[in-house]
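Okay, so here's the structure we're looking at.
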Amino acid sequence: MADDSVQTPSDGGTQSPESDPELLAGRYRLGKALGEGGMGQVYRAEHVLMKKQVAIKVLRRELSADDEIVARFHREARAAAALDHPNVCQATDFGRNDEGAFFLVMEHLDGQTLQQLLEKRGRLPVERALHITGQIASALEVAHAQGIVHRDLKPENVMLVDRHGDPDTVKIMDFGIARLVATTGDGDDDGADGPTRLTRAGMVYGTPHYMSPEQVAGENVDNRTDLYALGVVLFEMLAGAPPYDGGGIARVMGQHITSPIPSVRSRCPEASIPAEIDALVTDLLAKDREDRPPTAGALLSRLESLDNDTNEAPQVHTTAALTAIATATATATDRLRAVTGQGVGRLQALWGRLGQTERLLVSAAGFVAFFLFLAVFATAAILFFDSEGRKVQALDDSHEALLDDEEISSALNEARGGNRGSLSELLSIHPDDAQLRYLALEADLEAGRSVDLVEESAAILEMDSRYAHDEEFVERLVARLTSRSDGEAVRELLAKNMTNRVRELLAREAREGSRRAHRDAAYELLEEQKQLRRLSRWERIAAELRQTSGCEERRELVNKLAAIGDPGAIPVLEIYDQSSTRGCGRLNLSDCHGCMRSDLKDALEALRDD
């Protein structure tokens, strides 16, 4: 758990866990201090009854005597607990210790803050920055609907954790809990090196670099104040630094009110930021809140529109050499699976062959080609160290270890043969062993035994979320998407455990499934969970092709797939190419796909040649 205002311990106002061995509130055992903030100290702790790791913020004793601060802490702790959103750090408990200090219990997070990521990486790629921004906006939408304004949104308050295979899952921290941290106290803020938190109770709340003009002016704040701060955060992710920086706190605060809004494209021209995104950042940073997007929901809609426009943007290549390289990278996954098996030498050989074929890599073209080569190399490294594959392999290793146990192996064999007594006994002894539950489920299915597949799968996933990366496990659930008895439960379970594997199998079902209702259910789930944007362009268009009914509309999508040139689209195109030439018209004698037969043939020939 990272606290955005962690500082060096100073006055010892909060009792350390070493000097207080007793349980906090009779159920929390305090561990090491994670850091000290302006309102108190944050500890790692364990709920002794649930054996669950949490983080606990204990309000300073001197602040616990201030009725106004206590009332705010209490009120906003309850507000934070009410925010049930996957991108908000959850508050789970609130109380007062024996010495009278109030405390707040939050979920413990292992990861890094956005600030730490930016310090290591500098600016982020546009797609990654928008992915993080969209999650923050989603959380703000729910908070604002409940009348809660964060007031101190900044990279230090945004935690990035790995959830369901996404290492950039956002968790907003200290939601709605106002900062009450003193300045340097010497009256000369201009010399401060870092972002100093402001200030005392009844004065200005926020962090200078991320404060809206109305915050600086001491006016009332509303939801658009958070959107301004999010605009600053997005600017910093894209450019590597906030829009107003340097010259001390007073100068930075004044710039929010008087300085022109900088263009992120002009600030960072080498990033090739689209004009539409630059315009969005400018709107978020509008001096007058009336000129900003009115709500977080409106911002989300605009982000989705930008994502679609970006994905549909045509690519123009000026030389034959770049065309060849673009074609090579379009099928990078298939090539790299072969290349990584032979090491860097094979990758260099592939590069050499591309250069000899084209013989046109000169000046600017060679420069672009070099960076494309680096992109291919980076993709190879990602595939080589594929985290999803490692999780599945770890599960397989666990299964093998269990099967090496003679008692377990014997019980499973008996269960497959119809006698489940020994296996049931083992499960009663080890009810929380996810791997044993999984093997038992496999044995039950193999024996044809009646089992509530969805309920058992949900229990296994609750104990070990890695099973959401297992292809066979996920395939069984996807196959029941339209089940009358538990289809809705399956959709909820898949939505809750939306890993790369789940998305991949849903996308495959949406484009290649044999039953229309099943394809529609898979597509709708991807759409509801905003996962279509995370598919590659050819996957998304192939899924849209199966959703489209008009021949001319399908013909247009077929030509788009041919232009993209990814052989992965071949199975989808073959479905239409091999379909009957009858079935439409008044007498069902006309060809439903007659207008695109020629286009299908050309597209398949081109993709098969690749």
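The values are calculated or read from the model by the stated rules, or taken from the named source; none is laboratory data. Note that this is a predicted model, so its numbers are computed, not measured. Here Cβ is always computed from backbone atoms with ideal geometry, including for glycine, and neighbour counts include all displayed protein chains. Keep in mind that these areas ignore ligands, DNA and RNA; they rest on the heavy atoms of the full protein, side chains included. Shrake-Rupley method; radii C 1.70, N 1.55, O 1.52, S 1.80 Å.
Every listed requirement among (1) aliphatic (A, V, I, L, M); (2) closer than 29 Å to GLU492 by Cβ; (3) surrounded by fewer than 15 Cβ atoms within 10 Å (Cβ to Cβ) is met by ALA563 save one, (2). Report, ordered by the first and then the second residue, all pairs with beta carbons closer than 6 Å, sequence separation of six or more or different chains, a first member in the range 456-482 that is in contact (Cβ under 8 Å) with a residue 24 or more places away in the chain and open to solvent by less than 50 Å² (accessible area, probe 1.4 Å), and a second member that is of a type in the set (Asp, Glu) and part of a helix (DSSP H, G or I). That search, which allows pairs on different chains as well, returns HIS469/GLU388; VAL478/GLU509.
When the range 78-106 is limited to residues that are open to solvent by less than 30 Å² (accessible area, probe 1.4 Å) and more than 26 Å from the chain's Cα centre (by Cα), the one that is farthest from ILE148 (Cα to Cα) turns out to be GLY100.
Within the range 566-610, restricting attention to residues that are hydroxyl-bearing (Ser, Thr, Tyr) and part of a helix (DSSP H, G or I), the residue that is surrounded by the most Cβ atoms within 10 Å (Cβ to Cβ) is TYR576.
Condition check for GLU99 on (1) without any contact (Cβ under 8 Å) to a residue 60 or more places away in the chain; (2) part of a loop (DSSP other than H, G, I, E, B): one failure, at (1). Remark: pairs (first residue in the range 436-451, open to solvent by 60 Å² or more (accessible area, probe 1.4 Å); second residue at pLDDT 90 or above; Cβ separation under 7 Å; 6+ apart in sequence or on different chains) = GLU446/ARG416. Please work out if ARG466 is basic (Lys, Arg) and farther than 30 Å from VAL558 by Cβ. Spelling it out, ARG466 is indeed basic (Lys, Arg) and farther than 30 Å from VAL558 by Cβ.
Filter the range 490-504 down to residues that are open to solvent by 50 Å² or more (accessible area, probe 1.4 Å) and either in contact with a Pro (Cβ under 6 Å, 6 or more places away or on another chain) or of a type in the set (D, E, K, R) (or both) and give me whichever is farthest from SER579 (Cα to Cα). Among them, the one singled out is LYS496.
When the residues of the range 391-430 are narrowed to those that are under 31 Å from the mean Cα position of the chain (by Cα) and free of Cβ contacts under 8 Å to residues at least 24 places away in the same chain, which ends up nearest to HIS164 (Cα to Cα)? For the range 391-430, the residue satisfying everything is GLN393.
Among the residues of the range 505-536, those identified as within 21 Å of GLN135 (Cα to Cα) and open to solvent by 10 Å² or more (accessible area, probe 1.4 Å) are GLU524, GLU527, GLU528, GLN529, LYS530, GLN531, LEU532, ARG533, ARG534, LEU535, SER536. Within the bounds of the range 542-561, is there any residue that is in contact (Cβ under 8 Å) with a residue 40 or more places away in the chain and under 29 Å from GLY134 (Cβ atoms)? Looking for residues that are in contact (Cβ under 8 Å) with a residue 40 or more places away in the chain and under 29 Å from GLY134 (Cβ atoms), one finds at least one in the range 542-561, hence yes. Residues of the range 418-439 that are of a type outside the set (Gly, Ala, Ser) and not in a loop (DSSP other than H, G, I, E, B): LEU423, GLU425, LEU426, LEU427, ILE429, GLN435, LEU436, ARG437, TYR438, LEU439. With respect to the conditions (1) in a helix (DSSP H, G or I); (2) out of contact with any Gly (no Cβ under 9 Å at 6 or more places or on another chain), THR482 falls short on a single one, namely (1). Scanning the range 23-46 for residues that are over 28 Å from ASP152 (Cβ atoms) and of a type outside the set (Gly, Ala, Ser), we see that the one that is surrounded by the most Cβ atoms within 10 Å (Cβ to Cβ) is GLU46. From the residues in the range 52-90 that are in a strand (DSSP E or B) and touching a residue at least 40 places away in the same chain (Cβ under 8 Å), which one is nearest to ARG163 (Cα to Cα)? Among them, the one singled out is VAL88. Look through ALA279, ALA239, ALA298 and report the one residue that is among the small types (Gly, Ala, Ser), closer than 24 Å to VAL142 by Cα and at pLDDT 90 or above. When all the criteria are applied, what remains is ALA298. Of all residues in the range 114-134, those that are touching a strand residue (DSSP E or B) at 6+ places or on another chain (Cβ under 7 Å) and crowded, with 22+ Cβ neighbours inside 10 Å total 2.
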